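Coordinate-derived values only; no laboratory data. These numbers come from a predicted model, not from an experiment. Positions of Cβ are generated from backbone atoms using ideal geometry, with glycine treated the same way; all protein chains shown enter the neighbour counts.
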Ligand SMILES: NC(=O)c1ccc[n+]([C@@H]2O[C@H](COP(=O)([O-])OP(=O)(O)OC[C@H]3O[C@@H](n4cnc5c(N)ncnc54)[C@H](O)[C@@H]3O)[C@@H](O)[C@H]2O)c1
């Protein structure tokens, strides 16, 4: 599947030259939602792609499009520092995208230590390997959740990281540790804080977009866990892939300072209920209606959260290319074809 609105230029946002050709790119969490899209783009740029995979994920872009057949695969866990070190030691890695994480808020709440281990220790294992063996650019996935809850909207990069639940706190730590290593050891590391990403190949059905698509395809009313009013920003995965390559390209070309964090969103927040109604409309299944399960806000979840992406626009020249309706249409069609 090709989406047709990539950055268009081969490598480096706004550059015609393919700065990626023959680069060695290492991607953790490659068979996760975002990881699969990064692998696909990296392959299209003719890089050599090395991936770390923890376990098979059936409904992933990586699996469905058989991307693994074109990658060098290591199987294992982020907590295995010997494995991580050996990947860096045995391959001259130019660019690293560190995506792997335990990403589900409910799992983090029920069993915090596993999440903290993967997201914090896993990140420091990666950072130690980069410190010892070097890379030319490393982009680490933090999250908008790393900010915790603030009254002042939209969130800008200088807002303090005050997360107070296990998943959010684990991402704050990922973020702080990555910028700490960049600063202390002068390493070419940047951090992304993305809004809610949606698109084909997300097999996390506790997330609103995959869950809604699946319910509609099964002829059921989509269920909303809250009262439907929480505000979020939803950004299409292709825009985020553009962002990751723009960021890595800027580190490679030394056009940005090391240790910076960047927000990436569309800066157009929408309520959960409005989002679900949009997907129902796109599906054409108009007899279905959102089923509101929650009364009031969900405990432990942020009510209103959206980002300002002005810094990414100003420094990287990045801006989102996909309208929500366009991205949702592609996403819904993908689930229809693959579920
Ligand atoms: N999807 C979003 O809306 C969103 C928004 C902001 C930030 N992020 C961040 O982006 C990154 C990618 O998110 P995603 O949506 O692709 O997540 P995902 O859950 O789809 O993928 C996570 C990947 O990490 C791997 N993984 C988990 N634990 C591991 C371990 N112990 N060792 C090795 N691999 C392990 C999984 O197998 C999977 O491949 C994450 O770090 C996430 O926090 C995602």
Provide the gained length on full extension for the span residue 323 to residue 150, in nm with one decimal, where the gain is 0.36 nm per separating residue minus the Cα-Cα distance. 59.6 nm
Would you please give the FRET efficiency between residue 110 and residue 17, computed as 1/(1 + (r/R0)^6) with r the Cβ-Cβ distance and R0 = 45 Å, to the nearest 0.05? 0.40
Over the Cα atoms of the chain, how large are the radius of gyration and the largest Cα-Cα distance (Dmax), in Å? 19.0, 58
Regarding the stretch 220-290, what whole-number volume in Å³ per residue does the convex hull of its Cα atoms give? 112
Could you check the simple spin-label distance between residue 162 and residue 56, using points 7 Å along Cα→Cβ, in nm with one decimal? 4.7
Förster radius 51 Å - calculated FRET efficiency between residue 287 and residue 79, Cβ distance, rounded to 0.05: 0.60
Once you order the gyration tensor axes a ≥ b ≥ c over the Cα atoms, which shape class does the stretch 87-168 get: rounded for a/c under 1.5, otherwise prolate or oblate by comparing a/b with b/c? oblate
What spacing in nm lies between the two simple spin-label points modelled at residue 183 and residue 72, each 7 Å away from Cα in the Cβ direction? 3.4
With a ≥ b ≥ c taken as the square roots of the eigenvalues of the C-alpha gyration tensor of the stretch 159-214, please select rounded if a/c is under 1.5 and otherwise prolate if a/b is larger than b/c or oblate if it is not? prolate
Percent antiparallel among DSSP beta bridges confined to the chain, rounded to 5, stands at 5
Rounded, prolate or oblate for the stretch 32-87? Axes are the square roots of the Cα gyration tensor eigenvalues, ordered a ≥ b ≥ c, and the cut-off for rounded is a/c under 1.5. oblate
Helix 122-133 vs. the chain, principal-axis angle (Cα, 0 to 90°, nearest 10): 20
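Quick check on the chain: helices-only [θ] at 222 nm, where DSSP H runs of length 4 and up contribute -39,500 (n - 2.57) each and the sum goes over total residues. Nearest 500, please.
That comes out to -11000 deg cm²/dmol.
Given 0.36 nm per residue, what is the gain on full extension from residue 310 to residue 206 after removing their alpha carbon distance, in nm?
34.4 nm
How high is the FRET efficiency between residue 338 and residue 89 when r is their beta carbon distance and R₀ equals 35 Å, given to the nearest 0.05?
0.40
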Crossing angle, helix 81-90 versus the chain [Cα axis fit, 0-90 degrees, rounded to tens]: 60
Kindly express, to the nearest 10 degrees and within the range 0 to 90, the angle between helix 33-44's C-alpha long axis and the longest C-alpha principal axis of the chain. 50
